[in-house]
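Written out below as structure tokens is the structure these notes cover.
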Amino acid sequence: MNEAIEAHLQETRTVPPPEAFVRAARVADRSLHEEAEADFEGFWMRRALTEISWYREPTESLDASNPPFFTWFKDGELNLTYNCLDRHVEAGGGGKTAFTWIGEPGEERVISYAELLAEVERAASALKALGVGKGDRVAIYLGMVPELPVAMLACARIGAIHSVVFGGFSATALADRIQDATCRLVITADGAWRKGAIIPLKDIADEAVAQCPSVEHVLVVRRTEQDVAWHDRDTWWHEAMAEADPRCEPERMNAEDPLFMLYTSGTTAKPKGILHTSGGYLLGAILSHRWVFDIRADDVYWCTADCGWVTGHTYVVYGPLANHATGILYEGTPEYPTWERHWEIVDRHKVTIYYTAPTAIRALIKAGEAAVQMYDTSSLRLLGTVGEPINPEAWIWYHEHVGGGRCPIVDTWWQTETGSVVLSPLPGLSTTKPGSAIGPLPGMKPVIVDERGNPVPIGGGGYLTLQRPWPSMLRTIWGDDQRFVDTYWSRFGPTVYFTGDGARTDDDGDIWLLGRVDDVINVAGHRISTTEIESSLVGHPAVAEAAAIGAHDEIKGEHIAAFVILRDGNEPTDELRGELAQHVAVGIGKFAKPSLLLFAPDLPKTRSGKIMRRLLKDIAEGRELGDATTLRDPAIVEAIKADADRQLGRA
Ligand code: WTA
């Protein structure tokens, strides 16, 4: 442990960039930032030409003629998989490990770039044999098995648009996403391992596909090997692979052709298919991955995210592969079979860069230092976090106990919509502060504004906006341009991207994220809209009205509290409570299950009929109740509070 640094940190709450990084970092001064400030279009264009292997080089950088429908490098032609695989193999780098995959039961598979390319070519041929072609949508519903990145890349190779749906989503949620994108093919598995048990992915997919007439085929990876029901539309992955043409030339794609969509929660019940295109997205992935993680040829890089989320897209698959990095792919969760699992993997594989979510760090803290101390984590040189604000206590623990006081921590702020990291310290340049995402990567222009869109002075807080287009930005919401405009580009005008997050700066101008300012809850780094939970609850016959809120949670950041008004004739029993929570788990997914469900005679509303969420939050968090004078019926709050106190044992 580096005691001098820890002492400095305790005293000043800052950590200067370590000497070792300053000397050799990928970004060690502000020249990139300055170059981008002088001419951001030229900045991105020069890098697009050198970082990406094009079939046809673009002649134009940004097209901003029709805001907010910005495009980048629009006459360029490329293929993502050529950039992630073929070019490395052609340059003699085929023997390098692309992924070491570790299964939850413990098996391991080392996959080189040459092997990954061979698998992707076969899989791409198999997709073609099933009639999938350029522009077709493919839903991928898998656990973290090697076939997941292979399937994504196979789609990219032939120009099909992938929509990865996290394996924790329910049949209803999967069906909604398949229908919205009218997918022709679903790629799933018999099951996924989850804490020693099997999640029956195929059964869930079958239930979903039964409601999806667009689906012609289901391709099934064999993983957990239990018996599964079989239909005419089903094909085993391994059989399709065995028969497939081992060669598949990459499709020439336009820079603005869609690469993937990924659904994310908005403020309504209907999830949004965030659409990313090819050239700009790839450039954002390559550069941010290199700048933020200071990636080098001999790094062993582990991003613990599931490919079901955007972090798994950009920082497990596209960024690292395009940079010819070596990654760890782990199937399981940090707590199974014990909380030592991650540290054992770090030790055995000599992981040098570890990138995870604050919720995982807080859970690891709770499990205790002993688990980390059992293993040698001295191979680590850089740590990262993503997905939610990290509390300074967790940051300091991470720094001290995992990083041994030596490793810079990059707190990376970004979104499914931004495609790649927007705000983050750079490890060889930034003085970090526990809890701060510091500032923009080169080329990005974050501006914190007030209600009216005016920039707030240094030291102030407000809404986080991005006021300059960037290559990996979302292009639209699938099938709903108007919603794209309304959600992101209306509040402050068509050239100001509204993030939905609150932020403030400190006196040094460094940025601190304050969480969502809309009705989105962030549970363990997963975005869920309150409306989505509410509409699931009112879909139950016993429920008349519901309000869901995010309440503070020590581990998950936020947990879901739901307030329910029953229809006449229903009794508020514990049994019904359990049934309603289960109803949400089945409707959306287990991770969206309310952990606190309270029956209320009515919801606290203002005289104008607005639900007072602030009061509900006070109740769920066990605080003294705030001002209730504007309430229509103050007695309601007391009644709900009594139920809350009883359930939380706060008599
Ligand atoms: C939150 C995940 C604070 C934020 C990449 C954002 C963060 C939402 C951070 C996007 C961070 C992500 N600090 N908050 N470092 N990173 N967020 O689309 O509220 O799953 O809007 O993308 O997560 O979540 P998404």
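Do me a favour and compute the ellipsoid semi-axes for the chain from its Cα gyration tensor, root of five times each eigenvalue, largest one first, whole Å.
37, 31, 26
When the helix-only estimate is applied to the chain (DSSP H runs of n ≥ 4, each -39,500 (n - 2.57), divided by the residue count), what is the mean residue ellipticity at 222 nm, nearest 500 deg cm²/dmol?
Rounded to the nearest 500, it is -8500 deg cm²/dmol.
Mind listing which trypsin sites (Lys or Arg not before Pro) in segment 408-512 are in a DSSP loop and have 14 or fewer other Cβ atoms within 10 Å?
Numbers: sites: R452, R475, R483, R491, R504; in loops: R452, R475, R491.
Passing both the DSSP loop test and the Cβ count: R452.
Give, rounded to the nearest 20 debye, the magnitude of the charge dipole that segment 524-647 has about its Cα centre when Lys and Arg contribute +1 at Cβ and Asp and Glu contribute -1 at Cβ.
420
Using a/c under 1.5 as the rounded threshold, could you call segment 558-609 rounded, prolate or oblate? The axes a ≥ b ≥ c are square roots of the C-alpha gyration tensor eigenvalues, and prolate needs a/b larger than b/c, oblate otherwise.
It comes out oblate by the Cα gyration axes.
Please compute the contact order of the chain in relative form: average sequence separation of alpha-carbon pairs under 8 Å and at least six residues apart, divided by the residue count, as a percent.
Rounded, it is 13 percent for the chain.
May I ask for the Kirkwood hydrodynamic radius of segment 1-138, worked out over all distinct Cα pairs and given in angstroms to one decimal?
Here the Kirkwood hydrodynamic radius works out to 20.0 Å.
Can you pull out the chymotrypsin sites (Phe, Trp or Tyr not before Pro) in segment 255-357 whose DSSP state is coil and whose Cβ has at most 13 other Cβ atoms within 10 Å?
Here no chymotrypsin sites (Phe, Trp or Tyr not before Pro) fit, given the DSSP loop and packing criteria.
Quick check: at a probe of 1.4 Å, how many percent of the accessible area of segment 317-421 sits on carbon and sulfur atoms?
So the carbon and sulfur contribution to the accessible surface is 55 percent.
In whole angstrom, how far apart do the alpha carbon centroids of segment 576-613 and segment 530-569 sit?
2
Which percentage, to the nearest 5, of the DSSP beta bridges contained in segment 524-647 is antiparallel?
75
Here are some pairs, K366/K641; K128/K195; K272/K366; K74/K134; which of them have Cα atoms lying more than 24 Å apart in this structure?
Where the Cα-Cα span goes over 24 Å, the pairs concerned are K366/K641; K128/K195; K272/K366.
Averaged per residue, what accessible area in Å² does the chain show with a 1.4 Å probe, protein chains only?
Accessible surface, normalised per residue, equals 37 Å².
Just how far, in whole angstrom, is segment 27-82 from segment 437-493 if you go by their alpha carbon centroids?
20
Could you check how much of the accessible area of segment 524-647 is carbon and sulfur, as a whole percent, using a 1.4 Å probe? Write out the running numbers ahead of the final one.
On the way: 2900 of 5650 Å².
Roughly 51 percent, rounded to a whole number.
Using a simple charge model, +1 on the beta-carbon of Lys and Arg, -1 on the beta-carbon of Asp and Glu, nothing else, what dipole does the chain show about its Cα centre, in debye to the nearest 20?
560
Over segment 524-647, what number does the Rg to Rh ratio reach, with both radii from the alpha-carbon atoms and Rh per Kirkwood?
That ratio equals 0.94.
Restricting to bridges with both residues inside the chain, how much of the DSSP beta-bridge set is antiparallel, in percent to the nearest 5?
In the chain, approximately 60 percent of DSSP beta bridges are antiparallel ones.
The values are calculated or read from the model by the stated rules, or taken from the named source; none is laboratory data. Note that the structure is a prediction, hence the values are computed from the model and not measured. With ideal geometry, Cβ positions are generated from the backbone for all residues, glycine too; neighbour counts draw on all protein chains shown. Only protein heavy atoms, including side chains, enter the accessible area calculation; ligands, DNA and RNA are left aside. Shrake-Rupley method; radii C 1.70, N 1.55, O 1.52, S 1.80 Å.
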